[in-house]
């Protein structure tokens with residue numbers, strides 16, 4: 001079976017256009033400001049076009065019984081894995097320059113999302129070109145592609161801290177040199193000067209998990225590091241490399257499993273602090289679901 | 001498994017009257033006369049070594065560097 005030239009062009013162009021659009025939508029600028037620099041845009045958009053092209057060409061290739069074309073999809077998968085490696089490597093290199101590092105778990109999460117976005121571009125392109133081929137209409141193809149982009153949001157949906165826990169403002173209390181929040185000792189601050197700065201600019205919040213799953217997840221050091229990184233990068237730190245006592249801290253309350261976060265910020269606004277922590281992604285790669293285990297359910301009941 | 005040091009006592013700043021509370025170890029001990037001087041000396045050392053000062057509440061301050 002062969003396809004006439006005009007239809008072939010329609011299939012491929014429509015597929016590539018919708019696939020690239022999908023990648024472009026996921027490149028949106030957000031508060032993390034990543035990757036807003038033009039070079040980052042260029043790299044990811046180009047890779048998006050390539051993956052969309054692979055998806056778009058796969059349909060006419062299969063129709064014309066060019067089954068070897070499928071091997072190119074395997075090659076594409078390899079290529080996207082490379083994207084993940086690149087993202088991971090560049091973020092890891094920048095860790096040394098951050099006062100509060102992102103942490104391995106957060107980096108892994110970002111890298112995985114970047115990889116997945118390319119698959120989305122490819123899948124949208126494939127669906128679009130298939131729809132154009134079956135309906136012989138560019139308009140229907142575009143509608144199907146648009147629908148695929150819309151539905152892909154559910155695949156790419158991520159959970160935030162606000163979904164798994166409550167975030168409540170709290171107060172820092174000094175007992176002698178000990179920095180305490182709700183009777184939990186977080187640190188021993190020897191310098192009077194440090195204690196004065198913390199009393200003036202320090203903020204504390206409590207992250208109260210909503211259930212067993214979130215209790216285990218929120219105790220993960222990777223999520224806690226991501227929270228510190230996000231908060232520090234949005235409110236600014238008083239800390240410098242020669243004042244390690246002003247570093248942001250997290251500690252778990254071993255009585256009820258709450259997580260306490262303390263930070264000495266440039267702009268100590270507790271409402272903003274709570275809001276920022278609520279919107280930190282609850283990193284999917286380190287989340288645990290013990291409620292799905294019979295043993296763990298027994299322990300809870 | 002890689003084993004490395006994560007925290008290290010850089011120096012100990014002790015009041016002279018609390019000298020029975022501290023014995024020589026890996027870190028140098030600096031004796032001071034009063035609490036005001038103790039605060040000042042440990043602040044200087046903290047800024048020099050980028051280490052955190054911890055108060056043991058028995059007249060002894062330790063400076064700990066985290067890696």
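Taking the condition more than 8 Å from chain A (Cβ to nearest Cβ), free of Cβ contacts under 8 Å to residues at least 60 places away in the same chain and in contact with a strand residue (DSSP E or B) (Cβ under 8 Å, 6 or more places away or on another chain), does residue B:22 pass?
Numbers: more than 8 Å from chain A (Cβ to nearest Cβ): yes; free of Cβ contacts under 8 Å to residues at least 60 places away in the same chain: yes; in contact with a strand residue (DSSP E or B) (Cβ under 8 Å, 6 or more places away or on another chain): yes.
Yes.
Only one of (1) within 14 Å of chain A (Cβ to nearest Cβ); (2) modelled with pLDDT under 90; (3) not in a strand (DSSP E or B) is not met by residue B:58, so which one is it?
(2)
In segment A:71-98, what count of residues is obtained for those that are closer than 12 Å to residue A:229 by Cβ and surrounded by fewer than 15 Cβ atoms within 10 Å (Cβ to Cβ)?
Initial filter on segment A:71-98 (closer than 12 Å to residue A:229 by Cβ): A:91, A:94-95, A:98.
From the residues that got through so far, the ones that are surrounded by fewer than 15 Cβ atoms within 10 Å (Cβ to Cβ) too are A:94-95, A:98.
Adding up the residues that qualify gives 3.
Any residue that is loosely packed, with under 12 Cβ neighbours inside 10 Å, in contact with a strand residue (DSSP E or B) (Cβ under 8 Å, 6 or more places away or on another chain), assigned to a strand (DSSP E or B) and within 13 Å of chain A (Cβ to nearest Cβ) - is there at least one of those in segment B:6-19?
Within segment B:6-19, one or more residues are loosely packed, with under 12 Cβ neighbours inside 10 Å, in contact with a strand residue (DSSP E or B) (Cβ under 8 Å, 6 or more places away or on another chain), assigned to a strand (DSSP E or B) and within 13 Å of chain A (Cβ to nearest Cβ).
Taking the stated definitions as given, is residue B:48 touching a residue at least 12 places away in the same chain (Cβ under 8 Å) and within 21 Å of residue A:246 (Cα to Cα)?
On the way: touching a residue at least 12 places away in the same chain (Cβ under 8 Å): no; within 21 Å of residue A:246 (Cα to Cα): yes.
In short, no.
Filter segment A:253-286 down to residues that are part of a strand (DSSP E or B) and at pLDDT below 90, then give me how many there are.
Of the residues in segment A:253-286, the ones part of a strand (DSSP E or B) are A:259-265, A:281.
Of the ones still in play, those that are also at pLDDT below 90 are A:281.
Total satisfying the criteria: 1.
Picking from A:63, A:25, A:50, A:9, which residue would you name as being at pLDDT 85 or above and over 20 Å from residue A:87 (Cβ atoms)?
Working: A:63 fails: at pLDDT 85 or above; A:25 fails: over 20 Å from residue A:87 (Cβ atoms); A:50 fails: over 20 Å from residue A:87 (Cβ atoms).
Going through A:63, A:25, A:50, A:9 in turn, just one is at pLDDT 85 or above and over 20 Å from residue A:87 (Cβ atoms): A:9.
Of all residues being closer than 30 Å to residue B:48 by Cβ and out of contact with any strand residue (DSSP E or B) (no Cβ under 9 Å at 6 or more places or on another chain) in segment A:201-247, which is farthest from the other protein chains (Cβ to nearest Cβ)? Just the residue, please.
Looking at residues that are closer than 30 Å to residue B:48 by Cβ and out of contact with any strand residue (DSSP E or B) (no Cβ under 9 Å at 6 or more places or on another chain), I get A:233.
The values are calculated or read from the model by the stated rules, or taken from the named source; none is laboratory data. Because the structure is predicted, anything quoted here is derived from the model rather than measured. Cβ sites come from the backbone with ideal geometry, for glycine too, and all protein chains shown count toward neighbours.
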